[in-house]
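The values are calculated or read from the model by the stated rules, or taken from the named source; none is laboratory data. For clarity, every value in this text was computed on a predicted model and none was experimentally measured. Remember, those area values only see protein heavy atoms, side chains included, never the ligands or the DNA or RNA. Shrake-Rupley method; radii C 1.70, N 1.55, O 1.52, S 1.80 Å.
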Amino acid sequence: MSIANRVPAMTRDQFFDWAEAQDARYEFDGFEPVAMTGGNLNHNDIAFNLHHALHARLRGTDCRSRGLDVGVATIGDMVRYPDGVVTCSPASGVSRLVPDPIVVFEVISPTSGHMDRIVKVREYGAVDSILRYVIVESASVGLTVHERQAAGQKWTVTTVMAGDVLPLPEIGVEIPVAELYEGVDLPSAASEALSPR
């Protein structure tokens, strides 16, 4: 069945109410809930390091690091739950969506590569306020950075590797790549890439 012919099983607000009562985590494809794949310890540790790094650098500014349990509205009624998202807009504490997300992070899990590298690139690109989308590898050291200067522009894609610094000029901070992978149990070749020479 084509997407154009699909009838939504629920509205976005119905999804939020339904999702709060579930034990598992779901995203919303605009029509129905979609189960989120499970991660592993590396995924979890990288996401924790990311939030710690952002929180420390954004303290005292108007920007806040959010993620995991608050959504980002994308195309139509779709709702995604990125591993990290930064907004500089005020929000109600009971809001279910991050207002005006500026930077979005997804940590790749073993089964989420296609979704994060293809589908979400398009979805996050449709959100006018998002100027940077960072895909963080969890089985090796490396980031794929999609950036643009203004809404409607096409993404410029660069890679950031071990020993590099991730620039986030939209929010006025930089994060060394090694900090995101601190304490993460990577295969030996990836771990050696992080070691100072």
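Full extension of the chain between Glu20 and Leu41 gives 5.1 nm of extra length, using 0.36 nm per residue less the Cα-Cα distance.
Around the amide H of Gly71, modelled in the peptide plane, lie the amide H atoms of Leu97, Val98, all under 5 Å away and 5 or more residues distant in sequence or on another chain.
Across the stretch 1-107, Cα pairs under 8 Å and at least six residues apart give a relative contact order of 22 percent.
The string of couplings for the stretch 157-173 from the Karplus curve (6.51, -1.76, 1.60, θ = phi - 60°) is 10, 9, 10, 10, 10, 3, x, 8, 10, 8, x, 10, x, 4, 10, x, 9 Hz, one whole number per residue in order, with x for Gly and Pro.
Can you tell me how the stretch 1-77 classifies by the Cα gyration tensor, rounded, prolate or oblate, using a/c under 1.5 as the rounded cut? Here the stretch 1-77 falls in the prolate category. For Gly142, the amide hydrogen comes within under 5 Å of the amide hydrogens of Glu137, counting only partners 5 or more places away or on other chains and with H modelled in the peptide plane. Per residue, the accessible area of the stretch 85-171 comes to 44 Å², computed with a 1.4 Å probe over protein heavy atoms only. Averaging the sequence gap over all C-alpha pairs within less than 8 Å and six or more residues apart, then dividing by the number of residues, gives the chain a relative contact order of 16 percent. For the stretch 35-107, the percent of C-alpha pairs falling in each 5 Å distance bin, counted from 0 to the bin holding the largest distance, reads 3, 16, 26, 25, 18, 9, 3, 0.
For the chain, carbon and sulfur atoms together expose 53% of the accessible surface, with a 1.4 angstrom probe and every protein chain in place. Rounded to the nearest 500, the 222 nm mean residue ellipticity of the chain from helices alone is -6000 deg cm²/dmol, with -39,500 (n - 2.57) taken per DSSP H run of at least 4 residues. For the stretch 51-161, the alpha-carbon coordinates run over 35, 32, 27 Å along the three principal axes, in decreasing order.
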